[in-house]
Ligand code: GRF
């Protein structure tokens, strides 16, 4: 499949996926970066890695639906089959969801359904959980609510700050995301009843 990564900021997950593809670890091709922040670091990464970019400023459009319609036409031009959100800080509307049903995934820095939304790492620390982690899931109309594809746990340490814990979660995200996207590329991932994900692990 042909993949578009959507990102708003740093882009380390984007870069890790491109490098995985080039190392032969991904049976898909990252054909486009979509970015809503023309100044973001991820755009420099894409330039360096020679990945085409569509960047836009949301305020140049009358509505979310308007810029998403434009995104959909760019995705079609690049024949994109799968959308991978990696630090894309925007709510996705039905325009995109209906164009790519069960074809949009996201990574979130907590063990969902715990701590959805913004500042997941801070929420976990404030709650005092002893284990948190990262989740890859399909995107639906809710906030971090779609069917879960993969999760990995990270222990919370006594002296963790938001920064140290976020760093350790980040470090496992790259591998977790690559593995999950690869399972999708291999056609092993199936959503059952719009709710639960089944993974075919047969050889
Ligand atoms: C990650 O922590 C991811 O879980 C969250 O946004 C962050 C993106 O990091 N959705 P990066 O831009 O890929 O470095």
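The values are calculated or read from the model by the stated rules, or taken from the named source; none is laboratory data. Just so it is clear, the model here is predicted, and its values are computed rather than measured. Ideal geometry is used to build each Cβ from the backbone, glycine not excepted, and the neighbour counts take in all protein chains shown.
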Reported set for the stretch 4-14 where residues are more than 8 Å from the ligand (Cβ to nearest atom) and touching a helix residue (DSSP H, G or I) at 6+ places or on another chain (Cβ under 7 Å) is 4, 5
Conditions (1) in contact with a helix residue (DSSP H, G or I) (Cβ under 6 Å, 6 or more places away or on another chain); (2) away from the ligand (no atom under 15 Å from the Cβ); (3) over 28 Å from residue 71 (Cβ atoms) -> residue 129 fails only (1)
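Answer yes or no: is there a residue in the stretch 176-183 that is touching a residue at least 40 places away in the same chain (Cβ under 8 Å), under 30 Å from residue 69 (Cβ atoms) and within 12 Å of the ligand (Cβ to nearest atom). Show your work before the answer.
Filtering the stretch 176-183 down to residues touching a residue at least 40 places away in the same chain (Cβ under 8 Å) leaves 176-178, 180-182.
Narrowing further to those that are under 30 Å from residue 69 (Cβ atoms): 177, 180-181.
Filter once more, keeping what is within 12 Å of the ligand (Cβ to nearest atom): 177.
Yes, some residue in the stretch 176-183 is touching a residue at least 40 places away in the same chain (Cβ under 8 Å), under 30 Å from residue 69 (Cβ atoms) and within 12 Å of the ligand (Cβ to nearest atom).
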Residue set 191, 154, 181; condition surrounded by 12 or more Cβ atoms within 10 Å (Cβ to Cβ) and either in contact with a helix residue (DSSP H, G or I) (Cβ under 6 Å, 6 or more places away or on another chain) or assigned to a loop (DSSP other than H, G, I, E, B) (or both); output residue 154
Pairing a residue in the stretch 139-157 that is at positive phi with any residue that is buried (at least 18 other Cβ atoms within 10 Å of the Cβ), where Cβ atoms lie under 6 Å and the two sit 6 or more apart in sequence or on different chains, gives 144/108; 144/112
Filtering the stretch 127-155 down to residues that are out of contact with any strand residue (DSSP E or B) (no Cβ under 7 Å at 6 or more places or on another chain) and under 23 Å from residue 97 (Cα atoms) yields 140, 141, 142, 143, 145
With criteria (1) at pLDDT 95 or above; (2) under 17 Å from the mean Cα position of the chain (by Cα); (3) within 15 Å of the ligand (Cβ to nearest atom), residue 168 comes up short on (2)
